[in-house]
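The values are calculated or read from the model by the stated rules, or taken from the named source; none is laboratory data. Treat the numbers as computed from the prediction; the structure is a model and nothing was measured. Glycine also receives a Cβ, built like all others from the backbone with ideal geometry; neighbour counts cover every protein chain displayed. With ligands, DNA and RNA removed, areas are computed over all heavy atoms of the protein, side chains included. Shrake-Rupley method; radii C 1.70, N 1.55, O 1.52, S 1.80 Å.
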Amino acid sequence: AQAAVEGMLAASSGSKAFYVPPRRDVRPQRGSRRLQPARASSSSSTSSNIYKPRVPFVDLYEVLALEPSATDGEVKTAYRILQKAVHPDLAGEYASAAAALVNEAASVLTSPTDRARFDRDRSEWLASGRGS
């Protein structure tokens with residue numbers, strides 16, 4: 001029996017069925033053999049540059065069911081309530097797109113600079129007669 005096990009191990013050692021490619025999201029830390037998560041590049045956007053205009057335009061106030069005069073606290077409260085309803089772990093895998101939209105709406109509307117840019121784009125969109 002032991003010879004049969006050794007034969008199976010010898011046969012499987014050259015097999016590519018057990019090959020696991022190296023992970024690309026980790027890299028060795030300098031001077032160490034431990035793997036550390038790869039850091040994001042320095043060219044990634046900062047938290048103040050979250051808002052980018054969408055085509056077609058999405059009214060983030062409607063996503064969170066808020067008025068444009070909503071305070072920062074009201075935005076956070078609406079975000080928490082909606083996130084519980086659309087979280088993929090609770091609502092299923094297809095809710096991930098809705099959860100991403102709720103996350104984007106909350107992050108844009110809680111940042112003063114992003115909210116000002118969004119409000120400007122929203123007013124232009126409404127003035128053009130496309131929103132209603």
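Things worth noting here:
- Matching residues, the stretch 74-128, being open to solvent by 40 Å² or more (accessible area, probe 1.4 Å), in contact (Cβ under 8 Å) with a residue 60 or more places away in the chain and over 11 Å from Leu60 (Cβ atoms): Thr113, Arg117, Trp125
- Residues (of a type in the set (Lys, Arg) and either under 21 Å from the mean Cα position of the chain (by Cα) or part of a helix (DSSP H, G or I) (or both)) located in the stretch 107-132: Arg115, Arg117, Arg120, Arg122
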